[in-house]
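All remarks here apply to the structure that follows.
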Amino acid sequence: MLQARASELVKGSLVLRPLLADILLARGRLYLRREPDDIMARITPLDSEVMLLESPRGSNWTEHKRGPLATVLKVVEGDTAGTFHGLGCLVSAQSPGNPAPQLILFRDFGIPVEVLAEPRDWYSRHRQPEIVEASDSKDLLLVRFVHDGFASPIEGTCLYARREALWGCYTIKPSAAGSISTAQAWLEKRKWKDWG
């Protein structure tokens, strides 16, 4: 019953529906999984109404919220810090004059949620995306992910590209990340195999 309720709530979520491969019920807990070996979060029932939401951290778990199932799933869905996925801005109320880059990429360019979430490691390290350049045809977008470190900013750059009608996210070597043209040329030399 708990698994069915969670599945129903996830089906109605713009963010969670495309990001989760399944919801596994094991040892009395729900595991929200991107892939069979990639757990986004786990939910433990503490009683019939109160759930405990945790995220994996190495070999341990970190507590994030206690509350009803719908409440803890809203916390997962609304994540903007990278704890679970970093795409909560797609569902949160934002000021109309200053939308988040992820919202622009999703709404204005049509990049699917699962592709937006691909730089998972960068989101988990709290790097924030900045749109650097967009092609006139709107099928190539250079996006830099930045986290202000102690000494200097930590960066990573990816090219979102629509190829053969499908969007993909390609991480770019720093020396080739100056513009769309240099990133595209570098990827073409590598037969569109990204860096890393």
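One line per residue, one yes/no per condition, for (1) in a strand (DSSP E or B); (2) over 16 Å from Pro119 (Cα atoms):
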site: Glu133; (1), (2): yes, yes
site: Lys138; (1), (2): no, yes
site: Ile154; (1), (2): yes, no
site: Cys158; (1), (2): yes, no
site: Gly178; (1), (2): no, yes
site: Ser181; (1), (2): no, yes
site: Gly196; (1), (2): no, no
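In region 45-65, of all residues being touching an Asp or Glu at 6+ places or on another chain (Cβ under 7 Å) and surrounded by 17 or more Cβ atoms within 10 Å (Cβ to Cβ), the one that is nearest to Val113 (Cα to Cα) corresponds to Glu54.
Does Tyr170 satisfy being in a helix (DSSP H, G or I), within 26 Å of Asp38 (Cβ to Cβ), hydroxyl-bearing (Ser, Thr, Tyr) and not assigned by TED's automatic domain parsing to the domain that holds Glu35?
No, not satisfied.
Tallying residues that are modelled with pLDDT of 95 or more and assigned to a strand (DSSP E or B) within region 40-59 yields 11. If the condition is being within 17 Å of the chain's Cα centre (by Cα) and crowded, with 17+ Cβ neighbours inside 10 Å, then region 11-41 contributes Ser13, Val15, Leu16, Leu19, Leu20, Leu32, Arg33, Arg34, Met40, Ala41.
Taking the criterion of being among the acidic types (Asp, Glu), crowded, with 17+ Cβ neighbours inside 10 Å and either touching a strand residue (DSSP E or B) at 6+ places or on another chain (Cβ under 9 Å) or free of Cβ contacts under 8 Å to residues at least 24 places away in the same chain (or both), would at least one residue in region 117-132 satisfy it? Yes; the residues of region 117-132 include at least one that is among the acidic types (Asp, Glu), crowded, with 17+ Cβ neighbours inside 10 Å and either touching a strand residue (DSSP E or B) at 6+ places or on another chain (Cβ under 9 Å) or free of Cβ contacts under 8 Å to residues at least 24 places away in the same chain (or both). For region 71-120, the tally of residues that are of a type outside the set (A, V, I, L, M), part of a loop (DSSP other than H, G, I, E, B) and touching a Leu at 6+ places or on another chain (Cβ under 7 Å) stands at 3.
Does Gly82 satisfy the criteria of being surrounded by 18 or more Cβ atoms within 10 Å (Cβ to Cβ), on the phi > 0 side of the Ramachandran plot and under 14 Å from the mean Cα position of the chain (by Cα)? When the stated conditions are applied, Gly82 passes them. Checking each residue in region 143-174 for being among the polar types (S, T, N, Q) and at pLDDT 95 or above picks out Thr157, Thr171. Of all the numbered requirements in (1) more than 30 Å from Lys74 (Cβ to Cβ); (2) touching a residue at least 24 places away in the same chain (Cβ under 8 Å), Ser175 misses one, and that requirement is (2).
The values are calculated or read from the model by the stated rules, or taken from the named source; none is laboratory data. Bear in mind the structure is a predicted one, so any value in this text is a computation, not a measurement. Please note: Cβ atoms are built from the backbone with ideal geometry, for glycine as well, and neighbour counts cover all protein chains shown.
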